[in-house]
Amino acid sequence: MSSTFTGWGFIGASTVAREHMLAAVRAQPGHDVVAIASGDAQRARAFADENGIRTAVDRIETLLADPSVRAVYISSTNEQHRDQALAAIAAGKHVLCEKPLAMTVDDAKGMVAAAREAGVVFATNHHLRNAATHRKVRELIAEGAIGKPLFARVFHAIYLRPQVQGWRIHSPEAGGGVIFDIGVHAADTLRFALAAEPVAAVGMAQAGFLSQNGVEDGVMAVLRMDNGVLAQIHAAYTVRHADTGFEVHGESGSIVARNVMIVRAGGEVLLRDAQGERAVPVEHEGLYTIGVRRFCEAMAGRGSPAATGEDGVRSLETAIAIAQACRTGTLVQIAAPG
Ligand code: NDP
């Protein structure tokens, strides 16, 4: 194996690993997935065989002891992220961890601190900020295309595919529920596109017809950002026929991005102002491919990951504030970063 080869270990025989992240790693020259760890030996073996992965293990310690594994991608259920990430960091691996980073903000901060101390790259897999559409929205706002931004609206109400309806809809202990799952992505995308931080949240959640055990399957929330923008989030698992979207309305114009809260590259960005409406050209590329590429560059000492560990902490903190606001019916303040 050449010295420029980077082996990845995947922790979690998950859907997102199978459908998106394997290909994203394999799209990077000199990178491949060499090991998969699952809590279940048979699932690990099946995942390895189906996907041409050399090693299948049922203990993460075995994967972490493998010297050919330099980078670890964690996509287990949410409550496992913290311990698995801390173990990987302690073993000196660079870690790309799924969102939400952890079940509490303190745990997520601990993961970031441990990685900093160990001198390894630690990143959060918030894919949406890699979308050409969201990057264009951020660019348009930054260059003043709509004047002072005032309001944002995130439409992320979808119908949850049956194959991922497990822990998400019935296991609060695994970090299930639409706020931790989709709300955290909406929060991250708002932070990215607006280049602003949430300072307060209000919201109401719903258990419509899919979820059980006190898990919410729909939410409407409003965030106040530190630049004064009010941002509305509608996230759900139960809406069969809505489009997704992201809008920002400013003093002199509006940006309307359609079909953009998605996993595959696509969607469109429209700019509306006194000159009328026009489509803004974007060059689409795979969201996960870009995220992994930025992670690989960071491992090579070039730049920072697309979404850092700190981004994961901040977006989790926002999701937790929304959940608390829904639970208590109050406005929840979100502390400034740092
Ligand atoms: P899955 O439900 O597919 O997998 C989660 C875990 O469930 C796996 O790690 C696996 O455990 C276990 N599992 C998988 N298949 C089975 C099965 N047939 N029977 C029993 N257990 C099974 O989850 P997702 O892929 O949807 O999500 C995984 C993580 O990735 C979550 O943290 C989620 O928030 C995140 N995610 C992120 C996305 C993004 O765009 N950034 C998109 C989708 C998810 P084991 O570890 O033991 O193998």
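Backbone geometry of region 167-175 corresponds, through the Karplus equation with coefficients 6.51, -1.76 and 1.60 at θ = phi - 60°, to 3J(HN,Hα) couplings of 4, 4, 9, 10, 10, x, 5, 9, x Hz, x marking Gly and Pro.
Evaluate the charge dipole of the chain about its Cα centre and quote only its size in Debye, nearest 20, assuming +1 on the Cβ of each Lys and Arg and -1 on the Cβ of each Asp and Glu.
On the way: 32 positive and 35 negative charges, 72 e Å.
So the magnitude is around 340 debye.
Per DSSP H run of at least 4 residues, take -39500 (n - 2.57); add these up for the chain, divide by its residues and hand me the 222 nm value, nearest 500 deg cm²/dmol.
Working: 10 runs with 104 residues, N = 338.
Rounded to the nearest 500, the figure is -9000 deg cm²/dmol.
3J(HN,Hα) along region 134-143, derived from phi through the Karplus expression 6.51 cos²θ - 1.76 cosθ + 1.60 where θ = phi - 60°, amounts to 5, 5, 5, 4, 4, 5, 4, 5, 4, 8 Hz, with x in place of Gly and Pro. Straight Cα distances below 18 angstrom link K136 to the lysines K148, with same-chain residues fewer than 8 positions distant left out. Each Lys and Arg Cβ is given +1 and each Asp and Glu Cβ -1; about its Cα centre, region 161-272 then shows a dipole of about 280 debye. With both residues required to sit in the chain, DSSP beta bridges show an antiparallel share near 60%.
For region 73-178, what relative contact order do you get, as a whole percent, if you take Cα pairs closer than 8 Å and at least 6 residues apart? Numbers along the way, then the final one.
Numbers: 104 pairs, mean separation 26.9, N = 106.
Taking the mean separation of contacting Cα pairs over the length of region 73-178, I get 25 percent.
Here the 3J(HN,Hα) profile of region 72-77, calculated from phi with Karplus coefficients 6.51, -1.76 and 1.60 at θ = phi - 60°, is 10, 10, 10, 9, 7, 5 Hz, Gly and Pro shown as x.
For the chain, a Gaussian network of Cα nodes joined below 10 Å ranks A319, A87, A132 by mean-square fluctuation, and the top entry is A87.
With r as the distance between the Cβ atoms of Y159 and A65 and R0 = 41 Å, compute the FRET efficiency 1/(1 + (r/R0)^6) and round to 0.05. Write out the running numbers ahead of the final one.
Values: r = 42 Å, r/R0 = 1.02.
With a Förster radius of 41 Å, E is 0.45.
For the chain, the Cα-based Rg and Dmax, in that order, read 19.6, 61 Å.
With the charge dipole of region 147-259 set up from +1 on Lys and Arg Cβ and -1 on Asp and Glu Cβ about the Cα centre, the Cα lying farthest toward the positive end among the listed residues W167, Q232, A200 is that of Q232. With each label point set 7 Å from Cα along the Cα-Cβ vector, what nm distance links D49 and E251? It works out to 6.4 nm between the two label points.
Taking amide H as placed 1.01 Å from N in the peptide plane, the amide H of H31 sits under 5 Å from that of T6, each at least 5 places away or on another chain. Applying 1/(1 + (r/R0)^6) with R0 = 35 Å to the Cβ-Cβ distance of D83 and T328, what FRET efficiency is obtained, to the nearest 0.05? Here the calculated transfer efficiency is 0.75.
Spatially, region 152-194 and region 206-233 are offset by 9 Å when compared through their Cα centroids. Ordering V178, G144, A65 by Cα displacement along the dipole of the chain toward the positive end leaves G144 in first place; charges were set at the Cβ atoms of Lys, Arg (+1) and Asp, Glu (-1). Which of rounded, prolate, oblate describes region 207-338, given a ≥ b ≥ c as roots of the alpha-carbon gyration tensor eigenvalues and a/c under 1.5 marking rounded, otherwise prolate only if a/b is larger than b/c? Rounded is the answer for region 207-338, as its axis ratio a/c remains below 1.5.
Here R26 and V280 are evaluated by their C-beta separation; at R0 = 41 Å the FRET efficiency comes out at 0.85.
Using only C-alpha positions, report the orientation-averaged shadow area of the convex hull of region 183-261, nm², one decimal.
Details: hull surface 23.2 nm².
Seen from a random direction, the Cα hull of region 183-261 projects 5.8 nm² on average.
The C-alpha atoms of the chain define a longest principal axis, and helix 81-90 lies at about 50 degrees to it.
Bear in mind that the values in this text are calculations on the coordinates, not laboratory data. Note that this is a predicted model, so its numbers are computed, not measured. Please note: Cβ atoms are built from the backbone with ideal geometry, for glycine as well, and neighbour counts cover all protein chains shown.
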